[in-house]
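Every read-out reported here was derived from the displayed coordinates using simple, explicitly stated rules and does not represent laboratory data. Small disclaimer: the values here were computed from a predicted structure and weren't measured. All Cβ positions, even for glycine, are placed from backbone atoms using ideal geometry, and neighbour counts span all protein chains on display.
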Amino acid sequence: MKRLLFTLCSLLALTAPILSAAEASRPNVLFIIFDDWGWRDAGAYGSTWVKTPNFDRIAKEGILFKNAYTSNPKCSPCRASILTGRNTWQLEEASCHNGLFPAKFAVYPDLIEASGYSIGLTGKGWGPGDFKHSGRVNNPAGPSFDEHKIVPPAKGIGQNDYSKNFDAFLTQRDKGKPFCFWMGFQEPHRAYELDSGVRLGKKLEEVVVPPYFPDTSIVRGDLADYAVEVEYADAHIGRAIEALEKAGALDNTLIVVTSDHGMPFPYVKGQIHEDGFHLPLAMRWGQGIKAGRVVEDFINVRDFAPTFMELAGLKPHEQMTGKSLLGILKSDQSGFIENREVMLAGKERHDLGRPNDWGYPVRAIRTKDYLYVHNFNPERWPAGNPETDYGNCDPSPTKELLKALGGTYYDMSFGKRPADELYDLKSDPEGVINLANDLAHAPVMNELREKMMTMLKEEGDPRALGNGAIFDTYKYLASRKKGYETWLKAQDEAMTEAIKAKAVEVDTKHRARPNKAKPRPVP
C-alpha cells in the first residue's frame with residue numbers, strides 16, 4: 001500500500017507541471033467586430049480613400065482572408081451565427097433580425113469560460129433582440145465592460161472607449177487564466193453627422209463610388225462620413241494592440257478583425273448582393289501564424305466558434321456546424337489551402353415594413369466565379385414596402401437621393417426583383433448585371449440552383465424542405481417599429497429634415513455626371 005501511494009504521488013508530481021504547461025499554451029482570443037463595415041473599404045484590400053493602418057497591420061503580421069462571408073447580412077442573425085457556429089437557417093428565432101435568442105443553442109463564450117477562460121465584452125455583442133427571456137443575465141457574447149467613455153470626433157460616433165475598456169478588463173482579469181474578449185464597435189453604423197467626413201479631412205474627389213450608385217457629391221459626401229467612422233474604429237484596434245503589448249500578451253493572443261455585413265447603404269446592408277455578405281477578415285497570432293499570408297478559402301462566420309473551441313483545447317460543440325480554421329491558421333501556405341470553394345447565404349425577416357409583417361426569403365450560393373440568388377417571394381418588395389419607406393434600408397442621404405432620382409439606381413436598390421439572379425463576378429465583381437435571362441448562362445444557373453438546394457436540405461433548412469412559412473411566425477421585438485400598420489401611421493424619425501434637404505439638392509451638374517460604371521439593363 002505504501003509503495004502504491006508513493007507511486008501515485010510520484011505520478012501526480014510528474015503530471016502537475018505538464019498540465020500547467022498545457023493550460024499556459026492555450027492562446028488568448030481578441031475578437032473585434034465592426035458594425036456595417038464593407039470588405040472593400042480597407043487598405044489591405046486595395047482601398048485608397050478609407051485608411052485602416054491597424055487592420056492592415058493585423059493582415060501584414062498575420063493572414064488576410066480574401067473570401068470571408070456571413071450567411072445573413074444583418075446584425076443579429078450574423079452575430080448569432082458567430083456565437084453558435086451555425087448557419088442562419090439553423091437558428092430558429094435567431095435567424096430573424098431583432099428577435100429572440102433561443103436558450104437551446106450553446107455559445108462559445110460560455111463553453112470556453114467553463115474550461116477556464118476569462119471572458120468579456122465591450123460595445124455591441126449579439127443584438128438587437130432579446131436574450132433575457134430565457135434567464136440569461138449577460139449578452140451571449142459575454143459580460144459587459146463599458147465603464148469608460150470618450151468624446152468622439154463626430155456626433156454620429158458612440159462614446160464607448162472600447163480600447164480603454166479592454167485595457168480595464170486586462171487589468172482586473174485573473175492573470176493565471178487565458179482570456180477571450182469580444183470588442184464590438186458600433187461604428188460605422190448610422191446615423192452619421194452630416195458632412196463630418198469633409199470636416200475631418202476627407203476629400204470628396206478621392207472617394208470611390210461603387211457602380212450601384214450615381215456619382216454625385218451627395219453620395220460622395222455620405223461615403224466620406226462613413227469612412228471617418230471606419231477610421232475611428234480602426235484607431236481603437238491600434239490602442240488595443242498597445243494594451244496587449246503592455247500586458248505582455250500580444251504574441252499569445254489570436255486577434256480576429258471582421259464585420260457583420262456590408263456598409264449601411266442601399267443595395268448593400270441586409271441584401272443578398274456581393275457587397276452585402278462579403279466581409280473583411282484578418283487574423284494575427286504572433287507565435288501561431290506565419291505572417292504575410294493571403295488565404296483564398298471561403299470562410300463563413302460560423303467557422304469562428306469551432307476554431308476558438310479547438311484553440312481552447314476543446315472539441316467543437318455537437319451543435320456547431322461550422323468547420324474549424326485551425327488547419328488554415330497552422331499552415332504556412334497562401335491561396336486555397338483546404339479547397340473551401342463554395343458558400344451559402346440567405347435571409348428571412350429583417351426590419352418590418354410589409355403586410356402581415358412578412359419577411360423577404362432569399363437563398364444564394366457563391367462560387368469562385370458566380371453568385372446565384374433565388375428570391376422565394378419575388379412579388380414582395382425586397383427592402384420593404386414603399387409606403388413604409390423601405391424599412392430594410394437605413395435612412396441616409398444616398399437613400400433619399402435614389403428615391404428622388406428614380407430610374408435604374410432606384411430600381412436596383414428598392415424595386416421588385418425576379419425569382420432568379422445570376423452574376424458573373426469575374427467580369428462584374430460588384431454583382432450588378434443580372435444574367436439570369438441569358439440563355440447562354442442557363443446551364444450554369446441550373447447547376448448552381450440544384451447544388452444550392454441539395455446543400456440546404458443537407459443542413460435542414462426549413463425553406464428548402466418546404467416549411468419556410470415557419471420563419472414568419474417568429475416573434476419580432478422592435479420597440480420603435482411595431483409592425484406594418486404602425487409604419488403606415490408614422491415616418492422614420494431617424495431621418496432629419498437637414499438630411500432630407502441635403503439629399504434632394506440634385507442640380508443639373510450632378511444629373512449630367514452619371515457613374516462611369518453605370519450598370520447595363522438586364523439581358
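Return the long-range amide H neighbours of Trp37 (sequence gap of 5 or more, or a different chain), with a cut-off of under 5 Å between placed amide H atoms.
Under 5 Å from the amide H of Trp37: Asp260, His261.
Based on the Cβ-Cβ distance from Ala114 to Glu458, what FRET efficiency comes out when R0 is 25 Å, to the nearest 0.05? Kindly include the intermediate steps, with their values, before the conclusion.
Working: r = 30 Å, r/R0 = 1.22.
The formula returns an efficiency of 0.25 here.
How big is the antiparallel share of DSSP beta bridges in the chain, given as a percent to the nearest 5?
On the way: 25 of 53 bridges.
Looking only at bridges with both residues in the chain, the antiparallel portion is about 45 percent.
For each of Ile255, Ile157, count neighbouring Cβ atoms within 10 Å of the residue's Cβ, then give the residues from fewest to most.
Numbers: Ile255 25, Ile157 22.
Least crowded to most crowded, the residues run Ile157, Ile255.
Per 5 Å bin, what percent of the C-alpha pairs of segment 138-189 does each bin hold, from zero upward?
Going out from 0 Å in 5 Å bins, segment 138-189 shows 4, 18, 26, 24, 15, 7, 4, 1, 0 percent.
What spacing in nm lies between the two simple spin-label points modelled at Glu379 and Thr473, each 7 Å away from Cα in the Cβ direction?
The modelled label-to-label distance comes out at 2.2 nm.
What does the convex hull of the Cα atoms of the chain come to per residue, in Å³, rounded to a whole number?
Working: hull volume 85.0 nm³, N = 523.
That works out to 162 Å³ per residue.
So what J values fall out for segment 319-325 if you push phi through Karplus, 6.51 cos²θ - 1.76 cosθ + 1.60 with θ = phi - 60°, rounded to Hz, Gly and Pro as x?
In residue order, the calculated couplings are 6, 6, 9, x, 10, 4, 9 Hz.
Stretch Lys368-Ser134 to full length: gain in nm at 0.36 nm per residue minus the Cα-Cα span? Could you put the intermediate results ahead of the total?
Numbers: separation 234, 0.36 × 234 = 84.24 nm, distance 4.09 nm.
Length difference between fully extended and current span is 80.2 nm.
Do the sum for the chain: with -39,500 (n - 2.57) for every DSSP H run of n ≥ 4, divided by all residues, what is the mean residue ellipticity at 222 nm, to the nearest 500 deg cm²/dmol? Intermediate values should be presented prior to the final figure.
Details: 16 runs with 162 residues, N = 523.
The per-residue figure over the chain is -9000 deg cm²/dmol.
Under a point spin-label approximation (7 Å from Cα along Cα-to-Cβ), what is the Lys104-Glu318 distance to one decimal in nm?
Simple spin-label model gives 1.4 nm for this pair.
Could you work out the equivalent-ellipsoid semi-axes for segment 19-81, taking the square root of 5 times each eigenvalue of the Cα gyration tensor, largest first, in whole Å? Kindly include the intermediate steps, with their values, before the conclusion.
Working: eigenvalues 146, 74, 18 Å².
Here the semi-axes work out to 27, 19, 10 Å.
Along the Cα→Cβ direction, 7 angstrom out, place labels at Leu326 and Thr48. What is the inter-label distance in nm?
Between Leu326 and Thr48, the simple spin-label model gives 4.4 nm.
Arranged by the count of other C-beta atoms within 10 angstrom, fewest first, what order do Met455, Met343 take? Walk me through the numbers before you get to the answer.
Numbers: Met455 17, Met343 21.
Ordered by Cβ neighbours within 10 Å, fewest first: Met455, Met343.
Based on other C-beta atoms within 10 Å, arrange Phe265, Phe145 from fewest to most. Each step should come with its number before you reach the end.
Numbers: Phe265 27, Phe145 23.
Sorted ascending by nearby Cβ count, the order is Phe145, Phe265.
Can you list which of the trypsin sites (Lys or Arg not before Pro) found in segment 335-438 are DSSP loop residues with at most 15 other C-beta atoms within 10 Å?
Lys368, Lys416, Lys426
Going by amide H atoms built from the backbone, whose H comes under 5 Å of the H on Phe179, apart from near neighbours?
When sequence neighbours closer than 5 places are left aside, the close amide H contacts are Asn28, Val29, Ser118.
Quick one: which residues, 5 or more positions from Tyr370 or on another chain, have an amide H under 5 Å from its amide H? H modelled 1.01 Å from N in the peptide plane, none for Pro or chain starts.
Amide H neighbours of Tyr370, under 5 Å, 5+ apart: Leu425.
Name the longest site-free stretch of the chain, where the excluded sites are GluC sites (Glu not before Pro) in a DSSP loop with no more than 12 other beta-carbon atoms within 10 Å. Please report the intermediate quantities before stating the final value.
Numbers: sites that count: Glu147, Glu318, Glu379, Glu493.
Here the longest segment lacking exposed loop sites spans 148-317.
Which of rounded, prolate or oblate describes segment 384-486 when judged by the alpha-carbon gyration tensor and an a/c cut-off of 1.5?
Values: a/c = 2.78, a/b = 1.17, b/c = 2.37.
It is oblate, given that a/c is not under 1.5 and a/b is not larger than b/c.
Here are some pairs, Lys74/Lys368; Lys104/Lys368; Lys347/Lys475; Lys66/Lys164; Lys155/Lys269; Lys74/Lys403; which of them have Cα atoms lying more than 26 Å apart in this structure? All intermediate terms of the calculation are to be shown ahead of the outcome.
On the way: Lys74/Lys368 23 Å; Lys104/Lys368 35 Å; Lys347/Lys475 16 Å; Lys66/Lys164 30 Å; Lys155/Lys269 22 Å; Lys74/Lys403 22 Å.
In this structure, Lys104/Lys368; Lys66/Lys164 lie more than 26 Å apart at Cα.
Taking 51 Å as R0, compute the FRET efficiency from the Cβ-Cβ separation of Lys416 and Gln159 and round it to 0.05. Don't jump to the answer; show the numbers that get you there.
Values: r = 41 Å, r/R0 = 0.80.
For R0 = 51 Å, the calculated efficiency reads 0.80.
With θ set to phi - 60°, apply the Karplus curve 6.51 cos²θ - 1.76 cosθ + 1.60 along segment 193-199 and write out the HN-Hα couplings as whole Hz, x wherever there is a Gly or Pro.
6, 4, 6, 5, x, 5, 4
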